[in-house]
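Let me begin by presenting the structure, written as structure tokens, before commenting on it.
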Amino acid sequence: MSNSNSLQVGATSITLKALEKLKDLYFDIAQVPLPQNARLRRRGKYIEISSVWANHAMELKKSVKMQRLSLIVPKTDEPNMYELISTTSLPLTAVEEELIAFSRSDSRCATLITLSSGKDKKQYIKVFDQTEHIEICCTDVTSPKKHGLIYNDEEFGGLKWSSGEGHLLYAAEKFVKKKEYYDTELDWTNEENFLDSSVYIWVPNDEGIVFFGIQNTPVKLGKIYCNNRGGTLFYYELRSAKLTPLSNQNVSIEGLSFSPNKSKLIYFQRQSEGPHHASVSCQLLDWNKNEQQLLVPIITAVSGTDLNRKQFPGLYAVQLAERPWSSDNKRIFVSTVWGSKREIVSINTETGKLEKITNNGTFHGSWTVLDVNEDCLVAVCSAPNRPPTILVGHIPKVDSGEMIIWTRLDNSSAVEVRLKLLNFSWRLVDFDRGVGGPYEGLLYIPNETSIVPLVVIPHGGPHSVTIACWPSRVILLLLNSGYALLFINYHGSLGFGNDFVNSLPGNCGDLDVKDVHFAVQTVLDMESRLDHSRVGVFGGSHGGFINFYKVCIAGNPVLNIAAMYELSDIPDW
């Protein structure tokens, strides 16, 4: 064998070994389970928290789920604290249930199941009695042909139990008779209202429903990524078929929730047709008096020349649990983006007072509310170098000044040691290039002594945000392969005041690009372990500076701005 051939074989062998190592690393990362939901129930003196976790099974090429059941009990000598008795896990291997809904009392559980039947699909709703531990019914909802397929996606899917627990509310496609061939004239002037199914709810006494009706005018993009679509909040009375508007027209509304005593309805609202995912206000409707009240206004700007992470920046990307209320019907607990992290805040529906209840004094991670029941709050917390964990805490009384003491329900230390995926450090970095005020980013660096290359990862959107939480599989793969990573929340990002969001429209491709490049140059100068000659960019819609960045990975990039003008509802594109 010639020297050139032997060198080629040797190089191929090294490449294959590197690929095998990379594949094994990705398999390890995919094994880390991520929490999907959790629900708390009281069983006498014990409290039971059931949670569903998912991880990607590489050999199956699909996501698999498991259920964890944790049992806690209040500590006798320490008030408002809990002791973990046990946690057990069980794989969920039954028929995939696409939607699941629990009644308010937890006595009934409804699931939507979709099965293939030749070229068609059949859907069933199964109702299970959790008290008697028996199936109540399993109904074929396809054969009657009252409607088409029930929506099961995150944007439009949802099963909602009535207060009396005798009816289910869901959204479905219209039933359309199949035709092999047909001609039609498209009449775009025939407008219809349709409801955003993530924004509908039964009213007290099950006399009707409240829903957000969106004006179905021709638009360039759909609702799922454009939550600034305009519409009106309506009340539909079932007996009289009367439709009553509850809000102004042409507003964008998210998240409906009635208080446990059914006297208060809260929702989140912004003006339509502005930037995607812009700040929302929290609105209250007194259902008995039919009176509107603004609880939390839109915050235009965070004061000060430097980033003030303690000052409330407004509500962004609000995540509302199915049960967000305290038992006294006074407070709701929601998750919101707050700078480069996600926090849990309480909103007093009587005074409008907002309080941050997480990361007070010490940063533990980004938090999301999963469930609130009987003044117990279940949440998930994660940080860039800390896998997600579920915690439970007792809600203090109003204005008591007490902090929630959290009890951890699982122990991920075994996962951390076994997978050894956390050998990196991270920190928040502030930037200010003298235009539009300061902004910030997150810098992750492997804990190695050698010089490491830098991958710059600006978020897409453009109105989005990168938060300090457990990274995605691709990000962990890069970190554990020896790459430093820089995420930049440039002007236009969420969680820094609404003026910060509105500073980008009209300046896309200029303000954001300059923010990103300035941030890169700043961290290269401040961090001696970064290799100036090996800098890459990895983004959704970003590129440029081809002499500076040695490699570029663009997912779903803007390739033709002229064509995007006809397709996108983002004016700059």
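Bear in mind these aren't lab numbers, they're just calculated from the coordinates by the rules spelled out. These numbers come from a predicted model, not from an experiment. So basically every Cβ, Gly included, is an ideal-geometry build from the backbone, and we count neighbours across all protein chains shown.
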Regarding the range 433-545, what are the three Cα extents along the principal axes, ordered largest first, in Å? 41, 27, 22
Expressed in nanometres to one decimal, the distance between label points 7 Å along Cα→Cβ at GLN31 and THR76 is 4.1
With 10 angstrom as the radius, rank CYS138, CYS282, CYS109, CYS376 by how many other C-beta atoms surround their C-beta, starting from the fewest. CYS138, CYS109, CYS376, CYS282
Would you mind checking LYS61/LYS119; LYS21/LYS65; LYS420/LYS550; LYS21/LYS310 for any pair whose Cα atoms are more than 32 angstrom apart? LYS21/LYS310
Report the gain in length on full extension from GLN130 to VAL435: 0.36 nm times residue separation, minus Cα-Cα distance, nm rounded to one decimal. 103.9 nm
Given H placed 1.01 Å from N in the peptide plane, which residues other than close sequence neighbours of GLY148 have an amide H under 5 Å from its amide H? GLU173, LYS174, PHE175
Starting from the coordinates of the alpha-carbon atoms of the range 103-164, obtain the Kirkwood hydrodynamic radius over all distinct pairs and give the value in Å to one decimal. 13.0
What ranking of PHE258, PHE212, PHE175, PHE496 emerges when the number of other C-beta atoms within 10 Å of each C-beta is taken as an exposure proxy, fewest first? PHE175, PHE258, PHE212, PHE496
Quick one: P(r) of the range 33-184 from all Cα-Cα pairs, 10 Å bins, percents rounded to integers, in order of increasing distance. 9, 30, 32, 19, 7, 3, 1, 0
Rounded, prolate or oblate: which fits the range 48-115 when a ≥ b ≥ c are the square roots of the eigenvalues of the alpha-carbon gyration tensor, with rounded for a/c under 1.5 and prolate only if a/b beats b/c? oblate
Filter on LYS121/LYS146; LYS62/LYS341; LYS45/LYS264 - keep pairs with C-alpha separation over 22 Å: LYS62/LYS341; LYS45/LYS264
